[in-house]
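Enquirer: Have a look at the structure that comes next, please.
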Amino acid sequence: MRVFAIALALVTACLVTDAKAESTLSAVRERGVLNCGVTSALLGFSAPDAQGVFRGMDADMCRAIATAVFGDPGKVRFVTTSPTQRFVALQSGTIDVLIYTVTQNFSRDTGLGLIFANTYFYDGQGFIVSKKLNVKSAKELEGASVCLQPASDAAPGATDYFRRNGIQFKAVMIEAIQEVVSALNAGRCDVYTTDVTGLASIKARSFQSPDDWIILPEIISKSPFAPMVRQGDDQWLTLVRWVENAIIDADELGVDSRTIKDASVATNNPEVRRMRGLEGEAGKAFGLPNDWPAQVVAAIGNYSELYDRNLSALGLPRGPNRSWREGGLIFAPSFR
Amino acid sequence: MQYLSRFLLRNLRAERVAPLVIFIVFVGGVALVFANLFANLRSRNIASGFGYLSQAAGFEIGDTWIHYSSQMTIGRALIVGLVNTLVASTAIAVLITMIGICVGLVLAFGGELGRASIKRYVYLTRNIPVLLHLVVWYSVFREGLPPPRGAFTIGPIVLSNRGLILPIPQSYGGLFELAVGLAMGAGVIAISRSIVGRWSKLWLIVSTLSGILVWFILLPTNGPVLRGFNYVGGWVVTPEFCALVLALAFYTGGYVTEIVRGAIESFPQGQVEGAFALGLSRTQFFFLIMIPQITRTIAPAMVNQYVNVTKATSLGIIVGYPDLVSVSNTALNQTGQAVESIALLLATYLTISLAVSFASQRCFGETTERAA
């Protein structure tokens, strides 16, 4: 019986051990690789290319954080998850950061034990329809069959919009995006709704003749995307936020992946000098080298490079994702 | 004291204590895991508890058998999903039972060709993953049927890739429906009595059936009318429902076939010879000697299949049928309460499966005992 009691005590001890005690940054460094939660199938944000390398804005954000921690954009393991599993994966510690085009909202900020870093992309929910239907506005969708993915924000978003406008619709909930595309092609649904970038992504990649499809002008919701980390690890949250800030600031300061380390460019700007580690101690708070911001920009590029590389192929106007100086919303505190 | 210690010594044998210890360890372990889980959820500021069930759902469900709108609660949405799951499971159960009966008839009367085609059917179903069956059936409904503007219409019935749309009779304020319901009930009683007993009540069946036909065809209906993108009105059986039900019934039918075949092949040859020696015809032998006996052999294995299809309806998410899992996932994405959602799903499927096996034990338990 005594043996049994000891065994029980041991099991208890194992179960009760709290994973929170350890800081994420030191855990990542010890492991030698960043576990980054991404989607596997959203062109422009995160999707494998022909060689199996993950490409896109989300994937590059993961690389930027890995560069800050290790000085090497390759030290990241892409953990592909799903809309239903993504938050649990982060809560349980399977991933260190979730960069999965997650829309910020109140209930996610308060109910999940997770916290959002800064917005890196402004999106909004829209509609795509076949040109054959001759629809010019979402207001004309009375009685339409609408394809939706069950575990997405689009389902409540569309419901809200149609209710506000007094439009009846029929929901067809299909999980796999390939099946959604077939359903649209076959005319099972008249319209599909998700974030506009998602619509542009399937338009560019999934339809045989993309020109037969039209994205309606209405943007019916706000979808600001931000990386997520666990609550209660302020150091890790701060690092993720400033990796984003470094990328945006580099854009504003006029330095890019080629010129950030070029000593002849912007030598007198104190912010650029700080990013290069020549002034101040940018790495002190994290125990990282002081030039980590410069390494991040050199490896990944500034915000414009990031956008052009990943999202210009979708053919969307840059809209709110321009710098605040050009009338957009992309804004970051300065590196001071 | 002496008595007590002697009592304990006599009764504390390992084989008596072991089950108790195992039980306590198991219950204690489960309690520990849950206590730890909830402590961790609290310490990480993750919302817990089932309060979310009374929040407004805020999403639509395409296929509902009970009244639902997006302003209703998440709990109500989950019940809609549960009803969808139960309706689909019941439809599949009826279909696989019919497949079983047909297979039995073919094996008994069908000859060599029938037997060979049953063999091919079993090869086809059992050697292809159920997921592929689903995708193929769904694409048949989706691609094979025309969009609403080119729909097939047979009288007031419309068939398109938005589903099979049947006319609903207009409402006459309850009293008329009550009368029709009573007439239908009388018809059902008449049918069942006439099958058991005399055929003299045939006229009752005919009159009831014709009454229903008149109700559906002659009276004005809120029939399906093409308006804008879709047919409006009528009662819609969606292609997602059809694909799920037919694919799972077709697939599970392969297993049912093997159960029936096994039962028929293991039927004692002596009884066959005995029956023919007594001058029974093949039909009499089949219905009077074989069916009553093989039903008892088949029943437990069939119950297994009924439980299986109930669980398999959760694959409906692949073809867009809003079953319990699909609705639960949509709710989960809004609330983020994964532990509670999954626990609810587990408990619900466990309850359904246990209820099915319990009910069938009550139904067949006696017969199986008698058979043994």
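Enquirer: May I ask for the accessible area buried between chains A and B, both sides summed, probe 1.4 Å, to the nearest 100 Å²?
Expert: 3900 Å²
Enquirer: Among A:Y120, A:Y161, A:Y303, which one shows the biggest mean-square fluctuation in a GNM of chain A, springs joining Cα atoms closer than 10 Å?
Expert: A:Y161
Enquirer: Further question: Leaving out ligands, DNA and RNA, what percent of the accessible area of the range B:249-359 is carbon and sulfur, probe 1.4 Å? Before the final figure, lay out the partial values.
Expert: Working: 3220 of 4740 Å².
With neighbouring chains kept in place, the figure for the range B:249-359 is 68 percent.
Enquirer: Out of residues 5 or more away from A:T80 or on other chains, whose amide H comes under 5 Å of its own, with H placed 1.01 Å from N in the peptide plane?
Expert: A:V38
Enquirer: Can you sort A:F335, B:F276 by solvent-accessible area, 1.4 Å probe, largest first?
Expert: From most exposed to least exposed: B:F276, A:F335.
Enquirer: When the helices in the protein assembly as shown are scored as -39500 (n - 2.57) per DSSP H run of 4 or longer and the sum is shared across all residues, what 222 nm value do you end up with, to the nearest 500 deg cm²/dmol?
Expert: One gets -17500 deg cm²/dmol as the mean residue ellipticity at 222 nm.
Enquirer: Is there a pair in A:K261/A:K284; A:K132/A:K170; A:K136/A:K170; A:K131/A:K203; B:K119/B:K311 whose C-alpha atoms are over 22 Å apart, and which pairs would that be?
Expert: Distance filter (> 22 Å) returns B:K119/B:K311.
Enquirer: So how far apart, in nm, are the two label points at B:T153 and A:E281 if each is 7 Å from Cα heading toward Cβ?
Expert: Distance between the two pseudo-spin positions: 8.1 nm.
Enquirer: Relative contact order for chain A: what is it in percent, counting Cα pairs under 8 Å that are at least 6 residues apart?
Expert: 20 percent
Enquirer: Can I ask one more? Compute the accessible area of each residue in the range B:27-44 twice, once for its chain alone and once with every protein chain present, using a 1.4 Å probe on heavy atoms, and list those whose area falls by at least 50 Å².
Expert: At a threshold of 50 Å² (probe 1.4 Å), the residues of the range B:27-44 that become less exposed are B:L32, B:N36, B:R44.
Enquirer: Under the Karplus relation 6.51 cos²θ - 1.76 cosθ + 1.60, θ = phi - 60°, what is the ordered set of whole-Hz ³J(HN,Hα) values for the range B:104-113, x standing for Gly and Pro?
Expert: Using θ = phi - 60°, the values come out as x, 4, 5, 5, 7, 10, x, x, 5, 4 Hz.
Enquirer: Where a ≥ b ≥ c are the square roots of the eigenvalues of the C-alpha gyration tensor, would you call the range B:2-43 rounded, which needs a/c under 1.5, or, failing that, prolate if a/b is larger than b/c, or oblate?
Expert: prolate
Enquirer: Keeping all protein chains in the complex and leaving out DNA, RNA and ligands, what accessible area do you get for B:F50 with a 1.4 Å probe, in Å² to the nearest 10?
Expert: Result for B:F50: roughly 110 Å² accessible.
Enquirer: If you put +1 on each Lys and Arg Cβ and -1 on each Asp and Glu Cβ, how big is the dipole of the range A:164-278 around its Cα centre, in Debye rounded to 20?
Expert: Details: 13 positive and 16 negative charges, 29 e Å.
In debye, rounded to 20, the range A:164-278 gives about 140.
Enquirer: With springs connecting C-alpha atoms under 10 Å apart, model chain A as a Gaussian network and identify which of A:F116, A:F78, A:F207 has the largest mean-square fluctuation.
Expert: A:F207
Enquirer: Kindly tabulate the residues in the range B:127-154 with an accessible-area decrease of at least 20 Å² between the chain alone and the assembly of all protein chains, using a probe of 1.4 Å.
Expert: Residues losing area: B:V135, B:Y138, B:R142, B:E143, B:R149.
Enquirer: Follow-up. Would you rank A:E279, A:E30 by solvent-accessible area, highest first, keeping every protein chain in place and using a 1.4 Å probe?
Expert: A:E30, A:E279
Enquirer: Ignoring ligands, DNA and RNA, what percent of the accessible area of the range A:189-290 is carbon or sulfur (1.4 Å)?
Expert: 46 percent
Enquirer: Another question, if that's okay. Express the carbon and sulfur contribution to the solvent-accessible surface of the range B:2-43 as a percent, rounded to the nearest whole number, probe 1.4 angstrom.
Expert: Ligands and nucleic acids excluded, carbon and sulfur give 75 percent.
Enquirer: Sticking with this one: Between the range A:131-155 and the range A:78-122, what's the alpha-carbon centroid distance in Å?
Expert: Here the two parts' Cα centres lie 27 Å apart.
Enquirer: Any idea of A:D308's accessible area? Nearest 10 Å², probe 1.4 Å.
Expert: Per-residue accessible area (A:D308): approximately 80 Å².
Enquirer: Measuring with a 1.4 Å probe in the full set of protein chains, what accessible area per residue, in whole Å², belongs to the protein assembly as shown?
Expert: 49 Å²
Enquirer: Given the range A:125-221, what whole percent of its Cα pairs are spread farther than 20 Å?
Expert: Cα-Cα pairs of the range A:125-221 separated by over 20 Å account for 25 percent.
Enquirer: Taking chain A as a Gaussian network, Cα atoms linked when under 10 Å apart, which of A:Q149, A:Q51, A:Q168 shows the biggest mean-square fluctuation?
Expert: Evaluated over chain A, the most mobile residue of the options is A:Q51.
Enquirer: Here's something else I'd like to know. For chain A, count the residues as N, evaluate 2.2 N^0.38 Å, and divide the Cα radius of gyration by that value, please.
Expert: Cα-based Rg divided by the globular estimate yields 1.11.
Enquirer: Sticking with this one: I'd like the mean, over residues of B:333-340, of how many other protein chain beta carbons sit within 10 Å of each residue's own Cβ. It would help to have the intermediate numbers written out before the result.
Expert: Values: counts 12, 8, 4, 12, 3, 7, 2, 0.
Mean partner-chain Cβ count within 10 Å for B:333-340: 6.
Enquirer: With a 1.4 Å probe and all protein chains in place, put A:K203, A:K261 in order of accessible area, largest first.
Expert: Ranking A:K203, A:K261 by accessible area, largest first, yields A:K261, A:K203.
Enquirer: Could I ask something else about it? Take every DSSP beta bridge with both residues inside chain A and express the antiparallel ones as a percent of the total, to the nearest 5.
Expert: DSSP beta bridges in chain A are roughly 60 percent antiparallel.
Enquirer: Jot down the radius of gyration and Dmax of the protein assembly as shown, Cα atoms only, both in angstrom.
Expert: Cα only, the protein assembly as shown: 32.2, 113 Å (Rg, Dmax).
The values are calculated or read from the model by the stated rules, or taken from the named source; none is laboratory data. Note that the structure is predicted; figures quoted are calculated from it, not measured. So basically every Cβ, Gly included, is an ideal-geometry build from the backbone, and we count neighbours across all protein chains shown. To get the accessible areas, we keep the full protein, side chains included, count just its heavy atoms, and leave off ligands, DNA and RNA. Shrake-Rupley method; radii C 1.70, N 1.55, O 1.52, S 1.80 Å.
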